[in-house]
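Notes for the one structure printed next.
The values are calculated or read from the model by the stated rules, or taken from the named source; none is laboratory data. In this text the structure is predicted, and so the values were computed from the model without any measurement. Positions of Cβ are backbone-derived with ideal geometry, glycine not excepted, and every protein chain shown enters the neighbour counts.
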Amino acid sequence: MLNKKHVVLLASAGAITLSGMANVQADTLEETRSRGAVQCGVSDGLPGFSAPDDSGEWQGLDVDVCRAVAAAVLGDANAVNYVSLNAVERFTALQSGEIDVLSRNTTWTTTRDTTLGLNFTGVTFYDGIGFMINRDLGISGADELDGAAICIQSGTTTELNVADYFRANDMAFDPIVFDTSEQTVGGFQAGRCDVLTSDTSQLAALRIQLDDPDSAMILPEIISKEPLGPVVRQGDDNWLNIVKWSLFAMLNAEEYGITSENVDDMMDSENPDVARILGQDGNYGEGMGLEADWAYNIVSQVGNYGESFERNVGMDSPLQIERGVNALWNQGGFHYAPPIR
Amino acid sequence: MSVRPNARPMGHKPPFWRDRAKRALIFQVLVIAAVAAFLLYIVGNTQQNLASRGITTGFGFLDNTAGFGIVQSLIDYSSQSTYGRTFFVGLLNTLLVGGLGVLAATLIGFIVGIARLSPNWLIAKLAAAYIETFRNIPLLLQIFFWYFAVLRTLPGARDSLSFGEVFFLNVRGLYLPEPLFESGFGLIPLAFGVAIAASIALIVWNKRRHEATGKRLPAYWLSFALILGLPLLVLVASGVPITWDVPELRGFNFRGGVTVIPEFLALWLALSIYTASFIAEIVRSGIQAISHGQTEAAQALSLPRNLILRLVVIPQAMRVIIPPLTSQYLNLIKNSSLATAIGYPDLVSVFAGTTLNQTGQAIEVIAMTMAVYLSISLTVSMFMNWFNARVALVER
Ligand SMILES: N[C@@H](CCC(=O)N[C@@H](CS)C(=O)NCC(=O)O)C(=O)O
């Protein structure tokens with residue numbers, strides 16, 4: 001019997017096996033223009049990062065990256081086709097060309113960047129793995145987790161980092177591995193495992209999906225580095241540039257105080273950085289085959305990074321995640337986008 | 001009779017394209033060459049495509065450290081083991097659920113199939129209801145039923161159902177005591193081996209005697225008693241050199257003993273019960289395929305009922321039963337790959353799931369996985385064909 005996962009894997013393997021050699025110089029920009037939409041790989045539904053809202057529209061920090069690319073390339077942030085992928089499916093879907101951007105809380109690691117024929121384009125969210133437990137277990141630190149059963153999603157860096165942590169601390173654990181986040185949450189709620197583990201941002205998202213969010217708490221320890229970012233295929237440097245600079249445009253817009261609200265007023269700004277971002281002084285999109293208003297479209301339709309953050313995962317959202325290390329470099333955080341000039 | 005002007009002289013061979021046998025041979029060679037060329041093309045093309053996309057290829061990854069844990073393993077495994085070892089861990093888990101599934105499905109299937117033909121109205125109807133229910137509900141739903149509706153609703157570790165404080169059942173699984181063998185236990189397998197050898201000798205001797213003198217002993221019952229009794233006798237005589245490691249609630253969970261995880265239980269139950277409903281129908285049709293005249297003829301010889309079944313009906317029915325039974329076994333093993341839907345760590349979930357994703361080597365991993373299912377299936381078929389040839393009617 002085949003399930004969706006097998007079909008995706010087999011189809012991708014088939015595509016790589018049989019497809020001709022013609023498209024050595026892939027032109028994703030041209031394909032996107034003629035299709036009229038960006039093919040964007042997202043999660044199966046992770047609130048705050050990528051999940052459909054009540055009206056079926058995809059929302060989230062990761063979704064906004066795809067919307068920014070669509071705004072830059074097509075002038076319309078809504079021109080995106082979303083493909084929902086679980087952790088196991090995601091890279092094959094990108095390799096085989098089913099999607100052109102993977103924006104699905106994916107950790108940037110050497111293996112993924114260098115052996116899969118893929119390239120990471122930047123970091124949308126600096127994260128780290130944490131543990132969520134039931135309050136009534138009466139545990140206050142991760143060092144008390146010896147012998148615990150732990151629900152983990154299959155095909156994630158979590159699987160690796162949790163094993164490392166327990167080995168380094170000479171503790172044992174039972175990995176209970178499921179394909180989807182729905183199943184990991186289900187397993188946690190039913191008591192199949194004592195601990196639910198994932199990137200802490202995602203734990204916050206999964207916690208609000210629990211029947212009783214207050215029954216669970218997230219332990220203070222962060223046990224790994226998980227820089228999450230968008231991924232594209234190798235071999236199309238221009239497309240890589242477009243995805244990379246779409247995110248940088250959002251970060252630069254925040255840095256120079258350009259928001260979706262004030263962007264039209266900012267068009268007359270005297271500030272040379274603002275003028276360059278908004279295409280009022282030269283066309284910095286030209287090198288990527290884009291119009292001068294590429295970044296204007298991003299900011300006016302999607303907003304700057306800070307707006308997207310607050311709306312999706314920050315204090316304006318149910319997740320209530322602090323900016324912390326995800327603030328800009330001049331606000332005590334890690335986000336430092338190269339200048340647009 | 002007119003002679004055609006350029007008729008070939010007698011004894012001269014026709015050109016090869018007129019020779020039917022040679023023509024057939026040529027076509028077969030051509031087809032094989034075309035298939036081989038196509039395969040070569042695919043392999044070459046794949047390698048080129050992967051290289052041009054910067055995707056690492058080859059089987060070198062099998063020696064790298066896996067780095068992730070697996071909840072159930074029949075061999076030594078830790079996160080420091082290699083990806084190659086995850087393959088064997090997954091494979092053995094597949095064989096475990098497949099093998100135990102085949103056993104249980106056969107047992108249930110034969111019982112239900114025979115019950116379906118029972119003259120007792122209630123038994124026959126119950127068997128029919130079993131078959132119609134489980135045959136007509138998709139397997140995946142049955143797996144979900146056992147996993148989510150039954151096993152997920154069990155109490156947590158601290159309120160486990162306890163059976164005599166030795167067996168425990170909770171949402172984490174079934175906890176059984178594990179026998180630990182002390183020194184001196186070696187005698188028991190030895191006794192077991194001796195009993196088996198003696199039983200074979202007994203059966204052979206009994207058969208010869210039966211053919212020569214017409215007398216016989218209930219050899220099968222005797223050997224059964226021997227195989228069970230002798231090791232037991234030695235066990236008692238040597239002062240029972242076994243201690244039991246009884247599971248005990250410590251910290252989060254039970255420790256010690258053997259844990260049967262609920263993912264295994266759900267998959268095994270669903271596969272066995274589902275496949276048994278098909279096997280039951282196969283058994284029923286096999287028995288019904290034997291013409292009633294055979295039974296009547298045997299009755300006319302005043303053979304007792306159990307001998308009619310054993311000597312006349314079953315041997316002939318087996319001939320009809322075994323080929324479709326083989327495909328049910330193959331189905332069961334292949335269906336076990338649904339394991340990934342509930343997170344049982346079988347070959348597809350561990351190797352074609354986690355390992356594939358951590359290494360990204362989809363083609364190699366999928367090829368190895370497909371090769372495994374193919375070889376398991378071919379092995380089962382071969383065995384069943386051999387078995388079928390043994391029990392098949394020798395037409396005289
Ligand atoms: N950042 C990690 C983990 C990513 C991940 O898949 N996290 C889970 C959290 S439980 C998730 O997003 N699941 C949502 C889904 O499968 O759609 C990675 O890249 O491997």
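The numbered conditions (1) without any contact (Cβ under 8 Å) to a residue 40 or more places away in the chain; (2) more than 7 Å from every other protein chain (Cβ to nearest Cβ) are all true for A:L116 except (2).
Of the strands (runs of 3 or more DSSP E) lying entirely inside the range A:184-277, none contains at least 2 residues that are without any contact (Cβ under 8 Å) to a residue 24 or more places away in the chain, within 16 Å of the ligand (Cβ to nearest atom) and under 29 Å from A:L328 (Cβ atoms). Inside the range A:164-182, residues that are within 21 Å of A:Q209 (Cβ to Cβ) and more than 7 Å from every other protein chain (Cβ to nearest Cβ) make up a count of 3.
For the range B:362-372, the criterion of being at pLDDT below 95 and among the hydroxyl-bearing types (S, T, Y) is met by no residue.
Can you find, within the range A:224-238, the residue that is farthest from A:V123 (Cα to Cα) among those that are surrounded by 21 or more Cβ atoms within 10 Å (Cβ to Cβ) and more than 14 Å from chain B (Cβ to nearest Cβ)? Ranking the qualifying residues of the range A:224-238, first place goes to A:E226. When B:V283 is tested against the conditions (1) closer than 30 Å to B:N335 by Cα; (2) outside any helix (DSSP H, G or I), the lone failure is (2). Of all residues in the range B:359-370, one or more are at positive phi, assigned to a loop (DSSP other than H, G, I, E, B) and within 14 Å of chain A (Cβ to nearest Cβ).
Across the range A:183-201, the qualifying residues are those that are within 14 Å of chain B (Cβ to nearest Cβ) and among the β-branched types (V, I, T), and the one among them that is surrounded by the fewest Cβ atoms within 10 Å (Cβ to Cβ) is A:V185. Taken over the range A:117-139, the residue count meeting the criterion of being in contact with a Gly (Cβ under 7 Å, 6 or more places away or on another chain) and surrounded by fewer than 24 Cβ atoms within 10 Å (Cβ to Cβ) is 4. Looking only at residues of the range A:49-74 that are in a loop (DSSP other than H, G, I, E, B) and either among the aromatic types (F, W, Y) or within 15 Å of the ligand (Cβ to nearest atom) (or both), we find that the one that is surrounded by the fewest Cβ atoms within 10 Å (Cβ to Cβ) is A:F49. The selection criterion, being buried (at least 17 other Cβ atoms within 10 Å of the Cβ) and either among the acidic types (D, E) or within 30 Å of A:S34 (Cβ to Cβ) (or both), holds for A:L94. Annotation: of all residues in the range A:172-183 being within 13 Å of the ligand (Cβ to nearest atom) and aliphatic (A, V, I, L, M), the one that is farthest from the chain's Cα centre (by Cα) is A:I176.
Within this structure, A:L160 passes the test of being touching a Phe, Trp or Tyr at 6+ places or on another chain (Cβ under 8 Å), under 23 Å from B:T354 (Cβ atoms), crowded, with 16+ Cβ neighbours inside 10 Å and free of Cβ contacts under 8 Å to residues at least 12 places away in the same chain.
Of the numbered criteria (1) away from every other protein chain (no Cβ under 14 Å); (2) under 28 Å from A:A87 (Cβ atoms); (3) buried (at least 24 other Cβ atoms within 10 Å of the Cβ), the one B:I321 fails is (2). For the range B:371-384, filtered to residues that are without any contact (Cβ under 8 Å) to a residue 40 or more places away in the chain and within 16 Å of the chain's Cα centre (by Cα), the residue that is nearest to the other protein chains (Cβ to nearest Cβ) is B:L374. Counting only helices (runs of 4 or more DSSP H) wholly contained in the range B:107-214, the ones carrying 3 or more residues that are more than 26 Å from B:L226 (Cα to Cα) occupy B:121-136, B:139-144. Entry remark, the range A:89-109: residues being more than 9 Å from the ligand (Cβ to nearest atom), in a loop (DSSP other than H, G, I, E, B) and not charged (D, E, K, R) number 4 in total. The residues listed here are B:A105, B:A51; of these, the one that is surrounded by fewer than 16 Cβ atoms within 10 Å (Cβ to Cβ), more than 30 Å from A:R167 (Cβ to Cβ) and small (G, A, S) is B:A51. Considering only the range A:202-214, how many residues are closer than 17 Å to A:K225 by Cα and buried (at least 24 other Cβ atoms within 10 Å of the Cβ)? Qualifying residue count for the region: 1. Scanning the range A:115-150 for residues that are assigned to a strand (DSSP E or B) and either more than 15 Å from the ligand (Cβ to nearest atom) or under 27 Å from A:R323 (Cα atoms) (or both) yields a total of 13.
Scanning the range B:228-245 for residues that are among the small types (G, A, S) and either surrounded by fewer than 15 Cβ atoms within 10 Å (Cβ to Cβ) or over 17 Å from B:G193 (Cβ atoms) (or both) turns up B:G229, B:A237, B:G239.
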